[in-house]
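K.L.:
Okay, here's the structure, questions in a sec.
The values are calculated or read from the model by the stated rules, or taken from the named source; none is laboratory data. Only a predicted model underlies this, so the values are computations on that prediction, with no experimental measurement involved. Cβ atoms come from the backbone with ideal geometry, glycine included; neighbour counts cover every protein chain shown. Accessible surface is based on the protein model in full, side chains and every heavy atom, while ligands, DNA and RNA are left aside. Shrake-Rupley method; radii C 1.70, N 1.55, O 1.52, S 1.80 Å.
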Amino acid sequence: PQQIIAPPDLPASVRDQFFQVAASILLRRLPPPDQDFTSAGRLGTTNVIRRLLPLFEQHVPDTAVSLRAYLVELTGNSSGPRGNDNPLLTQGMRPSKPEDPLEGLQDRIDRTATSGERDQILLSTAIELAMRGDVRARDVADKIDDSERKSQGRQFIDFQFVELAIKKKEVSEVVRLAETGQLTPTQRAFAYTQAAHLVMDSQRERSLELLEKATHQTTRIENGSVDRAVLLVGIAVQLTTTEPSRLWEIMSHTAKAANASEDFNGENWIRFSMPTRGSIKTIGIGGESFSLFRLFQLLAKEDVHRSIDLTKSFKNDAPRAASILGIASAVLSENAQRAQGR
């Protein structure tokens, strides 16, 4: 099957600059046909406009109007971009209806030679469905014969549903999945932490309740695991805003978890990966909300001296360095703000 390459997620400024430059070139007036010695010529220019017009219509519709009018002028065809339309010119430019992963599933399964191959097809299909938020993913995963692979698939699927619910800010669904989904303690702790963040401003007590549940889940994570340290950092980051008085208590647990893991460096990512057809789907936990550097920036604003003492509790160089740099960054930022206020 043909591989579909997703467009890059470019910054808005870069994308806007591209359209500005492209429009200035495409709208440049061409000389009369008998004097046109450009490399593209009229045909090349009209084909490029037809090719890019769907993108202009999507991102800069005002400019698309000018391009459409110029295309009519060049072709002499009032139907504009539809005149002499070649489907290859707009292939991949207009959103197409996504293929249903279940289409042809039974045929693919029937052609397999082993149970392992069958399970892999079912797993891949289930993950594709989950990525779209399709609850049929669970039914497909439940057909997997290998119990370990089935369990891993269901965990990933339910965690994908957690991610989608977080993006939609559906707090009740995030909490429901944290409580009933087939998730690991790491995934449950993350779900509770993110649900707490979503209600932090509107329901402070509820947020603290959820952070308490997240903290409890970290106790079920194997001691010495990077996961426990990362999740505790994330919980502490939220407590700096929600309940600073409970912050220092959680920090003692965070330091112990960091010291128990030789691989914890303060900026770790926790990743969960599963194969789909032709690619690997990965969900990650990390970034600023789970950064030891960011945590100590916030701690320094609460109590810089206590924060400095706390850095000494890290036995490994990497987390100690991250915490010291976080404090230094906060102090320098505060001094700069004071200097500007003079």
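K.L.:
Tell me the mean residue ellipticity at 222 nm calculated for the chain from its helices only (DSSP H runs of n ≥ 4, each -39500 (n - 2.57), averaged over every residue, nearest 500). Could the numbers behind the result be given before it?
P.N.:
On the way: 16 runs with 217 residues, N = 342.
For the chain, the value works out to -20500 deg cm²/dmol.
K.L.:
Using alpha-carbon pairs under 8 Å, 6+ residues apart, how would you state the relative contact order of the chain in percent?
P.N.:
About 9 percent, as a whole number.
K.L.:
Something else: With a ≥ b ≥ c taken as the square roots of the eigenvalues of the C-alpha gyration tensor of the stretch 94-197, please select rounded if a/c is under 1.5 and otherwise prolate if a/b is larger than b/c or oblate if it is not?
P.N.:
It is oblate, given that a/c is not under 1.5 and a/b is not larger than b/c.
K.L.:
How far apart, in nanometres, would the label points at R108 and E209 be if each is projected 7 angstrom from Cα along the Cα-to-Cβ direction?
P.N.:
Label-label distance for R108 and E209, simple model: 4.2 nm.
K.L.:
Just give me a number: lysine pairs in the stretch 164-323, eight or more positions apart or cross-chain, with C-alpha atoms less than 21 Å apart. Working shown, then result.
P.N.:
Numbers: K167/K213; K167/K281; K168/K281; K169/K213; K213/K256; K256/K312; K256/K315; K301/K312.
Qualifying lysine pairs in the stretch 164-323: 8.
K.L.:
Assuming R0 = 22 Å, can you tell me the calculated FRET efficiency for the pair E148 and H216, based on Cβ-Cβ distance, to the nearest 0.05? Each step should come with its number before you reach the end.
P.N.:
Values: r = 26 Å, r/R0 = 1.19.
With R0 = 22 Å, the Cβ-Cβ based efficiency is 0.25.
K.L.:
Counting only residues 5 or more places away or on other chains, whose amide H sits under 5 Å from the amide H of K281 once H atoms are built in the peptide plane?
P.N.:
Hits under the 5 Å cutoff: M274, T276.
K.L.:
How many percent of the accessible area of the stretch 249-325 is carbon or sulfur, using a 1.4 Å probe?
P.N.:
Carbon with sulfur: 50 percent of the solvent-accessible area.
K.L.:
Treating only the Cβ of Lys, Arg, Asp and Glu as charged (+1, +1, -1, -1), what charge dipole size does the stretch 210-342 show about its Cα centre? Round to the nearest 20 debye.
P.N.:
Here the size comes out at about 220 debye.
K.L.:
Does anything in the stretch 221-237 have its amide N under 19 Å from the 7 Å Cα→Cβ label point of E262, and if so which residues?
P.N.:
Residues 222-230 qualify, since their backbone N sits under 19 Å from the label point.
K.L.:
How far is it, in nm, from the label point at D317 to the one at N223 when both lie 7 Å from their Cα along the line to the Cβ?
P.N.:
Spacing of the two 7 Å Cα→Cβ label points: 2.7 nm.
K.L.:
So which residue, out of L30, L295, L123, gets the largest mean-square fluctuation from a GNM of the chain using Cα contacts under 10 Å as springs?
P.N.:
L30
K.L.:
In the Gaussian network model of the chain, springs joining C-alpha atoms below 10 Å, which of T112, T219, T254 carries the largest mean-square fluctuation?
P.N.:
Residue with maximal mean-square fluctuation among T112, T219, T254: T112.
K.L.:
Please build a GNM for the chain, connecting alpha carbons under 10 Å apart, and tell me which residue among F272, F314, F19 fluctuates the most.
P.N.:
Evaluated over the chain, the most mobile residue of the options is F19.
K.L.:
Rounded, prolate or oblate: pick one for the chain, where a ≥ b ≥ c are the square roots of the eigenvalues of its C-alpha gyration tensor, a/c under 1.5 means rounded, and failing that, prolate if a/b is larger than b/c, else oblate.
P.N.:
oblate
K.L.:
May I ask you to derive the FRET efficiency for A12 and V48 from their Cβ-Cβ distance with R0 = 25 Å, giving the value to the nearest 0.05?
P.N.:
FRET efficiency, A12 to V48: 0.60.
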